1. Read through the list (1) more than 18 Å from Gly127 (Cβ to Cβ); (2) in a loop (DSSP other than H, G, I, E, B), then give the number of the only condition that Lys159 fails.
2. Consider Gln247 carefully, then state whether it is open to solvent by 60 Å² or more (accessible area, probe 1.4 Å), assigned to a loop (DSSP other than H, G, I, E, B) and more than 16 Å from ligand 1 (Cβ to nearest atom).
3. Being more than 13 Å from the chain's Cα centre (by Cα) and at pLDDT 95 or above is the filter; apply it to the range 141-163 and report the residue that is nearest to ligand 1 (Cβ to nearest atom).
4. Quick one: count up the residues across the range 68-93 that are buried (at least 20 other Cβ atoms within 10 Å of the Cβ) and within 10 Å of Thr58 (Cβ to Cβ).
5. Take Ala232 and tell me if it is more than 29 Å from Ile113 (Cα to Cα) and touching a strand residue (DSSP E or B) at 6+ places or on another chain (Cβ under 7 Å).
6. Looking at this structure, is Ala23 under 20 Å from the mean Cα position of the chain (by Cα), part of a helix (DSSP H, G or I) and within 16 Å of ligand 1 (Cβ to nearest atom)?
7. Just checking, which of Val114, Val75, Val98 is farther than 28 Å from Ala297 by Cα and assigned to a helix (DSSP H, G or I)?
8. Filtering the range 250-278 down to residues that are outside any helix (DSSP H, G or I) and more than 15 Å from ligand 1 (Cβ to nearest atom), which residue is modelled with the lowest pLDDT?
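The values are calculated or read from the model by the stated rules, or taken from the named source; none is laboratory data. The shown structure was predicted, so the numbers you read here are calculated from the model rather than taken from an experiment. Here Cβ is always computed from backbone atoms with ideal geometry, including for glycine, and neighbour counts include all displayed protein chains. Areas reflect the complete protein model, heavy atoms only, side chains present, ligands, DNA and RNA absent. Shrake-Rupley method; radii C 1.70, N 1.55, O 1.52, S 1.80 Å.
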Amino acid sequence: MNSHLHIAPEVADALHEQRPVVALESTLITHGLAYPSNVETALAMEAAVRESGAVPATIAVLGGQITVGLSHDEVERLGALPTGTVRKCSRRDLSIAVGLGEDAATTVAGTMIVAHMAGLRVFATGGIGGVHRGHPFDVSADLIELGRTPIAVVCSGAKSILDLPLTLEVLETQGVPVIGYGIDSLPSFYTRSTGLPIDARIERPEQAARIVEAAHALGMQHGILFAVPVPAEEELPYEQAEAAIQQATDEAEAQGIHGKAVTPFVLKRVSEITGGESKRANVTLLVNNARVGGQIAAALSELETTTIPVR
Ligand code: PSU
Ligand code: MN
């Protein structure tokens, strides 16, 4: 095992015994939500994973050490660091953070890479990156990682700050199955449905586990996206979410914000514009996705430890 990777003992034990583990990302802690709700939400996600019978493994880089399974104190410390002082770590950034001994937060792409290194299979988060509206060459590294790293990513689709039809096109090109979990079309984070077509609909964790197991047995090297809509009680009206997103995107453009700074900027502005509402939806879907991720990981462990492997 590589010396830059530290796996917390509880996570290592669970992996060793083929018990379910769910990876959780840290960019939502440092760049997605403000302190202290970032820390509260991260810990609520861990609790939801546990309620589903799985072990949570929040992933970040701490002083250059890639860490799988942050302690509560480590989540608190990372979450309290001043905004903008922590590197947002996608594929291109990981070696820099490790090489320079930094504290860094992993994005969806970064978390998938580390989860795969550590032998995890399931990862739960809020939304993935995608193709930015009006900038068809700003394609999130998340989409490329999904095409090359075999991790099941449980999320609520992608925010409509992105060009969702183009995002689906890139996922198709990358060979990534997009599966609706109790839904027929792609959810767009705050709203349950966009009407955009996806590849299949499932209803239960066992079905998700069977798809993950099939991809593994077939030697496929790509990720799988499980899209879980925000619980109906907390869904934002489409027009409200859309108006806030459009305003935030225009402001980013006007202020000349580019590259990896775009997503954090827009997330922050949308939450300011909608007041508490978008934040409540955000927290609700994150915790719900963590719960579903735990259920899928549990079903996968069950499948793998009770059936004879296909050869
Ligand atoms: N979308 C959200 N919340 C987030 C992110 C995306 O609704 O916190 C974060 C994730 O960590 C994702 C990253 O991997 O932003 C994508 O950034 P970029 O668009 O720069 O690839
Ligand atoms: Mn980008």
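1. Of the numbered conditions (1) more than 18 Å from Gly127 (Cβ to Cβ); (2) in a loop (DSSP other than H, G, I, E, B), the odd one out for Lys159 is (1).
2. no
3. Ile144
4. Of the residues in the range 68-93, 5 are buried (at least 20 other Cβ atoms within 10 Å of the Cβ) and within 10 Å of Thr58 (Cβ to Cβ).
5. It is false that Ala232 is more than 29 Å from Ile113 (Cα to Cα) and touching a strand residue (DSSP E or B) at 6+ places or on another chain (Cβ under 7 Å).
6. no
7. Working: Val114 fails: farther than 28 Å from Ala297 by Cα; Val75 fails: farther than 28 Å from Ala297 by Cα.
Exactly one residue qualifies, and that residue is Val98.
8. First, the residues of the range 250-278 that are outside any helix (DSSP H, G or I): 255-258, 274-275.
This time we only want the ones that are more than 15 Å from ligand 1 (Cβ to nearest atom), so: 255-256, 275.
Values: Gln255: 96, Gly256: 95, Gly275: 85.
Within the range 250-278, the match that is modelled with the lowest pLDDT is Gly275.
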